[in-house]
Amino acid sequence: MRTLTRWEPLRGATTLQDQVNRLFNDVLERTGEESSLTAWAPSVDIYETEHELVVKADLPEVDPKDLDIRVENNILTIRGERKFEKNVNQDNYLRVERAYGSFARSFTLANSVNSDAIKADYQNGVLTLNIPKREGAQSKQINVSGGRPALAASACGS
């Protein structure tokens with residue numbers, strides 16, 4: 001007498017994601033250049049005060065001379081480069097996780113800012129841009145006036 005076995009077409013098959021991961025891991029193990037495949041973009045905080053917009057970007061070990069900050073057509077672009085340390089032999093590294101190379105971040109600015117008066121400061125690896133608002137661009141609260149609510153009026157049969 002024969003035993004029936006259940007047919008499972010996907011038994012032993014890996015997912016496409018597993019196959020892609022395995023492919024990249026194989027390539028990375030052979031090349032040993034894991035960090036060169038990942039482009040980096042510095043982390044940025046942007047907040048607004050009553051009089052200005054503030055942009056803070058984490059740029060550790062980036063020389064301020066390697067930064068290019070521009071505003072064109074109300075788009076703020078921060079470009080730069082973090083260079084790989086040349087004073088250590090590459091063969092001496094056991095692990096390289098930080099990203100190096102060129103980066104660019106762009107942000108659309110509101111029409112209410114004065115892009116001609118941006119101030120940039122770089123301290124302790126943090127770039128801070130202070131972008132003042134134009135005079136008269138501060139928001140103002142608008143009070144709403146009116147009579148009785150619409151629901152109350154229709155309930156009274158008016």
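Going by what's in this entry, would GLU85 be described as at pLDDT below 85, open to solvent by 80 Å² or more (accessible area, probe 1.4 Å) and not in a strand (DSSP E or B)?
Working: at pLDDT below 85: yes; open to solvent by 80 Å² or more (accessible area, probe 1.4 Å): no; not in a strand (DSSP E or B): yes.
Considered against the rule, which asks whether it is at pLDDT below 85, open to solvent by 80 Å² or more (accessible area, probe 1.4 Å) and not in a strand (DSSP E or B), GLU85 comes out as no.
Take the residues of the stretch 88-104 that are farther than 17 Å from PRO42 by Cβ and polar (S, T, N, Q): which is surrounded by the most Cβ atoms within 10 Å (Cβ to Cβ)?
Among them, the one singled out is GLN90.
Quick check on ASP116: is it touching a residue at least 24 places away in the same chain (Cβ under 8 Å), open to solvent by 70 Å² or more (accessible area, probe 1.4 Å) and among the acidic types (Asp, Glu)? Give the derivation first.
On the way: touching a residue at least 24 places away in the same chain (Cβ under 8 Å): no; open to solvent by 70 Å² or more (accessible area, probe 1.4 Å): yes; among the acidic types (Asp, Glu): yes.
No.
Please verify whether the stretch 105-113 includes one or more residues that are in contact with a Lys or Arg (Cβ under 7 Å, 6 or more places away or on another chain), outside any helix (DSSP H, G or I), closer than 17 Å to HIS51 by Cβ and open to solvent by less than 50 Å² (accessible area, probe 1.4 Å).
From the stretch 105-113, those in contact with a Lys or Arg (Cβ under 7 Å, 6 or more places away or on another chain) are 112-113; that's our starting set.
Next, from what is left, pick out any that are outside any helix (DSSP H, G or I): 112-113.
Now restrict to residues that are closer than 17 Å to HIS51 by Cβ: 112-113.
Those still in the list that are open to solvent by less than 50 Å² (accessible area, probe 1.4 Å) too: 112-113.
Yes - at least one qualifying residue is present in the stretch 105-113.
Among the numbered conditions (1) modelled with pLDDT under 95; (2) open to solvent by 50 Å² or more (accessible area, probe 1.4 Å), tell me where ALA137 comes up short.
The one condition ALA137 does not meet is (2).
What is the number of the single condition among (1) of a type outside the set (Phe, Trp, Tyr); (2) surrounded by 14 or more Cβ atoms within 10 Å (Cβ to Cβ); (3) within 15 Å of the chain's Cα centre (by Cα) that LEU67 does not meet?
The single condition LEU67 does not satisfy is (3).
Within the stretch 45-64, count every residue that is surrounded by 12 or more Cβ atoms within 10 Å (Cβ to Cβ), part of a strand (DSSP E or B) and charged (D, E, K, R).
4
The values are calculated or read from the model by the stated rules, or taken from the named source; none is laboratory data. Keep in mind the model is a prediction, meaning the values are calculated, not measured. Methodologically, a virtual Cβ is constructed for each residue, glycine included, from the backbone with ideal geometry; neighbour enumeration extends over all protein chains shown. What goes into the accessible areas is simple: the full protein's heavy atoms, side chains included, and nothing from ligands, DNA or RNA. Shrake-Rupley method; radii C 1.70, N 1.55, O 1.52, S 1.80 Å.
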